[in-house]
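Please treat every number below as a calculation from the coordinates, not as lab data. For clarity, every value in this text was computed on a predicted model and none was experimentally measured. Neighbour counts run over all protein chains shown; Cβ positions are idealised from the backbone, glycine included.
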Amino acid sequence: MNFEKLIQERFACKAFTDEIIKKEDLDFILESGRLSPSSCGFEPWRFVVVSKKDNENLSKICFNQENVATASHNIIILARMDLQAKDEYIKKQIARFCPPDDAKFEEILNAYTYETNTLNPEQLYAYAKANCYLALMQMSLAAMSRGIDTCMIGGFEKDKVDSFLELSYPFETAVILSLGFRKEAPKYSKKRLSIEEVVCYY
Ligand SMILES: Cc1cc2nc3c(=O)[nH]c(=O)nc-3n(C[C@H](O)[C@H](O)[C@H](O)COP(=O)(O)O)c2cc1C
């Protein structure tokens with residue numbers, strides 16, 4: 001599917017058929033998530049794949065949304081919170097391009113975490129979540145490129161989804177992507193502001 005068609009075709013799918021996504025397609029979608037860009041290359045995410053047998057329980061804590069209940073798979077994107085200079089995870093990320101015994105390591109570590117070091121937990125969550133949305137979008141478009149529909153799900157009870165997955169620090173639920181095959185065509189054509197309303201040239 002060419003990119004112009006793909007961005008027209010993708011829509012927030014409200015209900016899916018019983019068809020299950022092939023393993024190779026699911027792997028491609030997850031790989032697209034893995035390759036998503038992130039601020040400072042921190043990759044502050046993890047992707048939890050929930051299969052159909054758990055849809056009903058998951059949907060209950062997502063306001064009974066039908067897309068969650070009928071999806072072939074739901075991918076729960078977790079935000080990670082250990083993004084400061086003191087955190088082993090970030091030291092490992094930086095060590096990928098600057099060995100820890102290099103004289104510049106501390107300087108680079110502090111430069112990369114300049115922003116995150118100042119953030120409180122609530123702000124760290126917002127920072128990580130913004131990055132998770134990039135993976136969300138990339139996986140949604142990757143899915144559409146293989147004829148697989150999606151719906152991004154921000155409507156969920158976060159504490160209950162965290163408990164459902166038995167999460168502990170450093171992970172918290174950021175957003176969910178429901179995936180499958182559309183049960184029916186979109187009810188509405190795309191509703192968007194006009195190009196004049198959203199673009200200006202400085
Ligand atoms: C962060 C985010 C959260 C969303 N949460 C939900 C949701 O919980 N349930 C739902 O049906 N759609 C959800 N949507 C889909 C939007 O409502 C939809 O993308 C928007 O209305 C534009 O429609 P379109 O995607 O069909 O073009 C969400 C979208 C985003 C980006």
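Structural remarks
- Taking S178, S163, S189 in turn, the Gaussian network model of the chain (Cα-Cα springs below 10 Å) assigns the largest fluctuation to S189.
- Subset of K52/K191; K14/K53; K5/K187; K158/K187 violating a 21 Å alpha-carbon distance limit: K52/K191; K158/K187
- Shape call, the chain: gyration tensor on alpha carbons, a/c limit 1.5: prolate
- Axial C-alpha extent at least 30 Å, average Kyte-Doolittle at least -1.0 - helices from the chain (DSSP): 121-145
- Note on S168 and E24: the model spin-label points, each 7 Å out from Cα along the C-beta direction, lie 4.0 nm apart.
- Cα shape, the stretch 126-202, gyration tensor, a/c 1.5 rule: oblate
- Förster radius 22 Å - calculated FRET efficiency between K91 and T118 (Cβ-Cβ, nearest 0.05): 0.75
- For the stretch 82-99 and the stretch 146-188, distance of Cα centres in Å: 29
- Model label sites at R34 and K5, defined 7 Å from Cα along the beta-carbon direction, differ in position by 2.8 nm.
- Segment A103-V198, length gained on full extension (0.36 nm per residue, minus Cα span): 29.5 nm
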